[in-house]
Amino acid sequence: MARPVIGMVGSNMMDLITYYEDRFPRVGETIFGKDFEIGFGGKGANQAVAVAKLGGEVVVVTAVGDDLFGPLVKENFARHGIDTSFIKTVPGKTSGVAPIFVDPRGRNSIFIIPGANAFLLPEDVWKAREALARSHFILVQLEIPLETVYATMDLAQKFHIPVILNPAPFQPLDWQSIRGVRLFVPNERELEGFAGFPIEGEEDLKRAVATLWERGIENVLVTLGERGALLGSGGTFTLFPAYQARTVDTTGAGDAFLGALAYFLAEGKDLPCAVDLACAYAALSTEKRGTQKSFASREEFLEWLKTAQKKSPSFIL
Ligand code: RIB
């Protein structure tokens with residue numbers, strides 16, 4: 001089979017990651033943190049790099065600032081064998097940055113300052129149309145302007161390319177503009193935002209997915225972190241248990257999941273198989289610190305998978 005080609009229209013950020021012990025400082029308080037790392041991130045870039053590490057070709061449409069980070073971000077894409085022709089440099093703007101705080105259990109809290117990502121425009125997507133038209137799937141997130149997300153949906157529809165939309169970070173959406181999305185992949189926090197009520201148990205979770213069905217989104221895949229993923233499609237639910245991992249940092253695990261999902265679907269795996277492999281790839285990414293640098297190569301992943309074990313399902317549907 002031909003090498004999977006994935007289009008990615010989205011963000012890139014420089015991740016400024018602080019690891020802390022015990023607790024987060026209170027307002028007006030200074031305390032010692034544990035460690036700090038700078039890495040390449042941004043949901044779009046992370047998902048693209050996951051695809052590349054698994055062996056796929058990625059068509060990346062993104063924007064950097066004309067600051068010191070811009071050339072580094074481009075070099076990073078190139079190092080992963082990703083064509084940088086459709087990376088726009090926005091004059092007078094900074095590149096996107098993401099201050100990230102990781103607690104002692106490896107759980108993260110993230111701010112994003114989009115910088116140049118906010119200037120990725122529909123015309124940039126249009127300029128890349130011939131390259132994007134070769135994609136088996138297109139990945140989009142919400143760290144770029146919504147008009148650019150909708151323009152990507154339009155272009156994908158024109159070329160009959162299925163879109164996987166990761167609605168992160170949460171923003172209210174125009175449902176009409178994303179009608180036709182093949183897979184809508186929020187995490188629980190984002191799903192709460194769309195549903196408009198807190199998710200406190202399985203029944204809430206299913207009810208929240210049903211609110212998306214009512215808005216015309218047919219296939220909803222909710223990432224549940226250490227509990228796996230829940231697919232809600234055609235009025236039924238399927239739970240995919242997570243894999244066991246020695247977790248140190250969950251940052252970017254959702255992006256590892258999305259990149260792997262797109263890659264394995266494009267490779268020809270059916271949806272249940274691709275979701276299961278994506279759960280495994282995401283679990284493995286939590287065993288290392290950082291975002292993109294925690295993503296395994298195809299060889300490392302296949303080796304790990306030989307002995308990987310699933311967790312028991314966290315709930316029965
Ligand atoms: O999903 C993790 C990513 O979210 C980080 O890399 C950060 O840059 C933000 O975009």
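The values are calculated or read from the model by the stated rules, or taken from the named source; none is laboratory data. Computed from a predicted structure; not experimentally measured. For neighbour counting, all protein chains shown are included, and Cβ atoms are generated from backbone atoms with ideal geometry for every residue, glycine included.
Against the test of being in contact with a helix residue (DSSP H, G or I) (Cβ under 8 Å, 6 or more places away or on another chain), within 16 Å of the ligand (Cβ to nearest atom) and either modelled with pLDDT under 95 or within 28 Å of LEU277 (Cβ to Cβ) (or both), the options ALA50, ALA63 yield a single qualifying residue, ALA50. The set of residues in region 176-188 being hydrophobic (A, V, I, L, M, F, W, C) and not in a helix (DSSP H, G or I) consists of VAL181, LEU183, PHE184, VAL185. The combined condition, being more than 22 Å from ALA45 (Cβ to Cβ) and β-branched (Val, Ile, Thr), is fulfilled by ILE199. Across region 264-279, the qualifying residues are those that are outside any helix (DSSP H, G or I) and without any contact (Cβ under 8 Å) to a residue 60 or more places away in the chain, and the one among them that is surrounded by the fewest Cβ atoms within 10 Å (Cβ to Cβ) is ASP270. A search for C-beta distances below 6 Å between a residue of region 79-99 that is within 18 Å of ILE17 (Cα to Cα) and in contact (Cβ under 8 Å) with a residue 12 or more places away in the chain and any residue that is β-branched (Val, Ile, Thr) and assigned to a loop (DSSP other than H, G, I, E, B), counting only pairs 6+ apart in sequence or on different chains, returns ALA98/ILE112.
None of GLY55, GLY92 is surrounded by fewer than 22 Cβ atoms within 10 Å (Cβ to Cβ), in contact with a helix residue (DSSP H, G or I) (Cβ under 8 Å, 6 or more places away or on another chain) and on the phi > 0 side of the Ramachandran plot except GLY55. Of all the residues in region 9-62, those that are of a type outside the set (Asp, Glu) and more than 17 Å from the chain's Cα centre (by Cα) number 19.
Listed by first and then second residue, the pairs with beta-carbon distance under 8 Å, at least 6 apart or on different chains, first residue in region 298-317 and closer than 17 Å to ARG246 by Cα and acidic (Asp, Glu), second modelled with pLDDT of 95 or more and surrounded by 11 or more Cβ atoms within 10 Å (Cβ to Cβ), are GLU300/LEU284.
Look at THR291 and say whether it is among the β-branched types (Val, Ile, Thr) and over 24 Å from VAL73 (Cβ atoms). So THR291 does not fit the description; no. A single member of LEU173, LEU191, LEU230, LEU221 is closer than 23 Å to ILE138 by Cα and either acidic (Asp, Glu) or in a helix (DSSP H, G or I) (or both), and it is LEU191.
Regarding LEU205, is this residue part of a helix (DSSP H, G or I), touching a helix residue (DSSP H, G or I) at 6+ places or on another chain (Cβ under 6 Å) and modelled with pLDDT of 95 or more? No: the conditions fail for LEU205. For GLU267, indicate whether it is away from the ligand (no atom under 16 Å from the Cβ), out of contact with any Pro (no Cβ under 8 Å at 6 or more places or on another chain) and more than 29 Å from GLU21 (Cβ to Cβ). For GLU267, the condition - away from the ligand (no atom under 16 Å from the Cβ), out of contact with any Pro (no Cβ under 8 Å at 6 or more places or on another chain) and more than 29 Å from GLU21 (Cβ to Cβ) - is not met. Applying the condition of being touching a residue at least 24 places away in the same chain (Cβ under 8 Å) and out of contact with any strand residue (DSSP E or B) (no Cβ under 9 Å at 6 or more places or on another chain) to region 177-193 and asking which residue is surrounded by the fewest Cβ atoms within 10 Å (Cβ to Cβ) yields ARG179.
Total residues in region 1-37 satisfying the condition of being surrounded by 13 or more Cβ atoms within 10 Å (Cβ to Cβ), within 16 Å of the ligand (Cβ to nearest atom) and within 15 Å of ASN108 (Cα to Cα): the figure is 6.
Taken over region 93-132, the criterion of being away from the ligand (no atom under 12 Å from the Cβ), aliphatic (A, V, I, L, M) and not in a helix (DSSP H, G or I) is satisfied by LEU120, LEU121, ALA128. Among the residues in region 242-255, are any more than 19 Å from THR291 (Cα to Cα) and among the aromatic types (Phe, Trp, Tyr)? Checking region 242-255: not a single residue is more than 19 Å from THR291 (Cα to Cα) and among the aromatic types (Phe, Trp, Tyr). Set side by side, the residues LEU239, LEU261 differ, and just one is over 20 Å from ILE110 (Cβ atoms), in contact (Cβ under 8 Å) with a residue 60 or more places away in the chain, within 16 Å of the ligand (Cβ to nearest atom) and not small (Gly, Ala, Ser), which is LEU261. Per the listing THR152, THR84, the residue uniquely over 29 Å from ARG289 (Cβ atoms), more than 16 Å from the ligand (Cβ to nearest atom), at pLDDT 95 or above and touching a helix residue (DSSP H, G or I) at 6+ places or on another chain (Cβ under 6 Å) is THR152.
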